[in-house]
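Rule-based calculations on the coordinates, nothing more; no lab input. Note that this is a predicted model, so its numbers are computed, not measured. Here the Cβ positions follow ideal geometry from the backbone for every residue, glycine too, while neighbour counts run over all protein chains shown.
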Amino acid sequence: MSISTIFLLAWAASGLLMFLLWLQQVRTSNAGVVDVAWSFLTPLVGCWLILADDIENGARQYIIILIALAWGIRLGLYLHKRVSSEIEDGRYRYMREYCGKYAQPAMFVFFQFQATWTLLFALPFWAASRNAATSLSWLDYAGITVWIIALTGEWMSDRQLANFKKKSRDRSLVCQEGLWRYSRHPNYFFEWLHWWAYVLIGYGSDYWILSWSGLLVMYVFITRITGVPYVEQQSLRSKGDAYRAYQRTTSSFIPMPPKKLVSKDFQSSNGRPST
């Protein structure tokens, strides 16, 4: 089977699934299912690209399949639990309001874009698997180490935010516990960090440049398009001055020591004025 055929089949299957999920969100009015599907589908497409390609599958290829599936399953299960237990994400509610009577056509296009992004983000898995080196090197072990750190950080930040929401039902308060003290979006940072693993493992591949696609595109999407901007806008609408103070003291993305609060900054997560 040719590479072009393998990729075309993956894109077609992703598009069909996203179409069916679009029909589901028409019925349920909850577009969050697209995030769940993307999380599960991306590593599955990556596995298909690796296994269907005419390459000799060795330890490196199976390591990539294992860590890609583990990443996707963890993220997918977390998002499924959130989507099934909460109202529709504020980003999608805002999108419906903004598009008005064209909301469903806009959602259809968005879901199909997600199908294309699924294939795009599966490329690093495939590109890294094309590393023809017969034995594992220190770069492979470095990549696995980065993956462990990234998944651990992502799990911790998700858990810390979930625990904060359980303790405080006041939606106007800002989580500044654990990793959230050092970054306003530690979950996004560690998600991005995860893609470095495939850059390291894939070094030496003829398609190594494609292993950078997940890293670079994910950074742009998270920081400029679908991640940080939407979450920040929603947080400003729901939390107001408390979130503005958080913005002044806490790194947006890369975890860093928080800046010292000054007297004009208000309201940390404990509900008291800062000093």
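In µm²/s, what is D for segment 1-61 at 20 °C and 1.002 mPa s, where D = kT/(6 pi eta Rh) by Stokes-Einstein and Rh is the Kirkwood radius from Cα pairs? This corresponds to a translational diffusion coefficient of 164 µm²/s. Dipole check for the chain: with +1 at the C-beta of Lys and Arg, -1 at the C-beta of Asp and Glu, and the Cα centre as origin, the magnitude is about 1480 Debye. In the chain, the longest principal axis of the Cα atoms and the axis of helix 103-129 are about 50 degrees apart. Measuring how big segment 95-221 is from its alpha-carbon positions, Rg and Dmax come out at 18.6, 57 Å.
Note that segment 1-157, at 10 °C in a medium of 1.306 mPa s, gets a Stokes-Einstein diffusion coefficient of 93 µm²/s from its Kirkwood radius over C-alpha pairs.
Neighbouring Cβ atoms within 10 Å as the yardstick, rank C99, C47 fewest first. Before the final figure, lay out the partial values.
Details: C99 14, C47 21.
Listing C99, C47 from fewest to most nearby Cβ atoms yields C99, C47.
Coupling constants for segment 144-157 follow from the phi torsions by the Karplus curve (6.51 cos²θ - 1.76 cosθ + 1.60, θ = phi - 60°), and in residue order they are 5, 5, 4, 4, 5, 4, 5, 5, 5, x, 5, 4, 5, 5 Hz; glycine and proline get x.
With the simple spin-label model, which puts each label point 7 Å out from Cα in the Cβ direction, the L236 to I87 separation comes to 2.2 nm.
What's the extension gain from Y98 to L16 if we count 0.36 nm per residue and subtract their Cα-Cα distance?
Details: separation 82, 0.36 × 82 = 29.52 nm, distance 2.64 nm.
Gain on stretching Y98 to L16: 26.9 nm.
If you filter segment 82-136 for GluC sites (Glu not before Pro), then keep DSSP loop positions with at most 11 other Cβ within 10 Å, what is left? If you can, show how the numbers build up before the last one.
Values: sites: E86, E88, E97; in loops: E86, E88.
Taking segment 82-136 and a limit of 11 other Cβ atoms within 10 Å, the loop GluC sites (Glu not before Pro) found are E86.
Ratio of Rg to Rh for the chain: 1.00 [Cα atoms; Kirkwood radius as inverse mean 1/r over pairs]. Averaging the sequence gap over all C-alpha pairs within less than 8 Å and six or more residues apart, then dividing by the number of residues, gives the chain a relative contact order of 20 percent.
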